[in-house]
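This report refers to the structure that appears directly beneath it.
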Amino acid sequence: MTANLIRIFDRQFELLFDESTHFVKTLPPELLHRQAETEQYAAKSCGELILRSAAAVEQTFGGITANLWDDPFEWTLSEMLSTNERVLEYLDETEATRRRGFALLHSDQDLFKQIALPSGEMVALVELLLQTLCRAAHLQGEASMMLKFLKA
């Protein structure tokens with residue numbers, strides 16, 4: 001059996017990484033962590049949203065590869081990753097973790113194996129990957145919208 005689903009998921013995560021990398025490379029440094037304040041709330045910055053997107057991927061693949069399900073919150077704070085270059089380094093590290101995870105998948109049948117989440121809930125790997133991809137893409141989209149708002 002060919003690994004068509006694995007290739008599809010791998011490609012979608014790769015595109016997510018490419019888009020985040022391009023976004024950060026073209027983002028004016030002064031806008032990386034600028035927050036837009038509205039009458040209702042202070043919105044997250046472009047940088048924080050991109051970091052949250054990458055952190056979602058890192059958390060999932062850290063869980064899959066090493067059973068480390070910690071939220072990467074502490075090492076993805078804006079203070080720790082304060083420049084575009086540091087954010088790009090983090091994106092590269094996250095991509096390396098994701099690739100290690102996909103290297104463990106040999107056939108599409110692997111995607112239907114159940115995996116235990118920290119909550120004890122059992123979920124099919126395909127469902128976990130889909131949830132992660134959707135969450136990360138959503139956060140990436142929010143970063144793009146924030147940039148448009150800041151440039152307006």
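The values are calculated or read from the model by the stated rules, or taken from the named source; none is laboratory data. Everything quoted here is computed from the prediction, not taken from an experiment. Please note: Cβ atoms are built from the backbone with ideal geometry, for glycine as well, and neighbour counts cover all protein chains shown.
Points worth noting:
- Qualifying residue in segment 116-129 (condition: surrounded by 15 or more Cβ atoms within 10 Å (Cβ to Cβ), β-branched (Val, Ile, Thr), under 19 Å from the mean Cα position of the chain (by Cα) and modelled with pLDDT of 95 or more): yes
- Restricting segment 66-85 to residues that are among the polar types (S, T, N, Q) and modelled with pLDDT under 90, the residue that is surrounded by the fewest Cβ atoms within 10 Å (Cβ to Cβ) is Asn67.
- Residues located in segment 101-152, provided they are of a type in the set (Val, Ile, Thr) and without any contact (Cβ under 8 Å) to a residue 60 or more places away in the chain: Ile115, Val123
- Condition met for Phe23 (part of a helix (DSSP H, G or I), within 14 Å of Gly101 (Cβ to Cβ) and at pLDDT 95 or above): no
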